[in-house]
Structure formats: C-alpha cells, structure tokens
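Chemist: Just passing along the structure, written as structure tokens.
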C-alpha cells in the first residue's frame, strides 16, 4: 500500500484525474436523479473539481488513502450494478 501512495504522491496530476473521475462517477450513479440545466451542471462539475483538488492535497501531502478508498467505493457500486443486471436477466428468463 505504501508503494501505491508513494507513486500517487509523485504524480499529483494523475491523482487529481483519478479522484475527479471517481467523484463524477459516484455523483452520477448515487446523487443525480434528473437532468439539470446546463449552467447548473457546469457549476456542479466545477465544485466537484474543487473538491477533487482538496482531496488531492490530502492524498499528496498528508498521505491519506483517498484514491484507494474511492476505488473501493466504485468497485462496490459496480458489483451492485452487476448483481442487479444478473437478477433482472434471471427474472426475464422465468
């Protein structure tokens, strides 16, 4: 785990992009219920970028495991989506 955190600290731009992508995915799958007007969408994604920058500073300077934590959250969300897909497919067959 230490090697991953060291690599992420050495590459802050990659860390920022990873955190931003994870946060956008989590926002879209959990919190977004309907389409918003374009200016509100831009504002939300800009605020997510500011939050990603803040989390990147925590990751790089304080060595907190932000990227591994977000990757586990995204992995769990993908597992739930796969489970729903399999259940829907089985209910269609019967």
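Chemist: Where a ≥ b ≥ c are the square roots of the eigenvalues of the C-alpha gyration tensor, would you call region 1-41 rounded, which needs a/c under 1.5, or, failing that, prolate if a/b is larger than b/c, or oblate?
Modeler: Oblate shape, in that a/c is at least 1.5 and b/c is the bigger or equal ratio.
Chemist: While we're looking at this one, here's another question. On a 0 to 90 degree scale, rounded to 10, what angle separates helix 12-26 from the longest Cα axis of the chain?
Modeler: Here the helix axis deviates by roughly 30 degrees.
Chemist: Average the reciprocal distances over every distinct pair of alpha-carbons in the chain, invert the result, and give the Kirkwood radius in Å.
Modeler: Result for the chain, one decimal place: 15.0 Å.
Chemist: Work out, step by step, the length gained on full extension between residue 85 and residue 50: first 0.36 nm times the residue separation, then minus their alpha carbon distance; give nm to one decimal.
Modeler: Stretched fully, the residue 85-residue 50 segment lengthens by 9.2 nm.
Computed from the coordinates by the stated procedures, all read-outs in this text should not be read as laboratory data. Small disclaimer: the values here were computed from a predicted structure and weren't measured.
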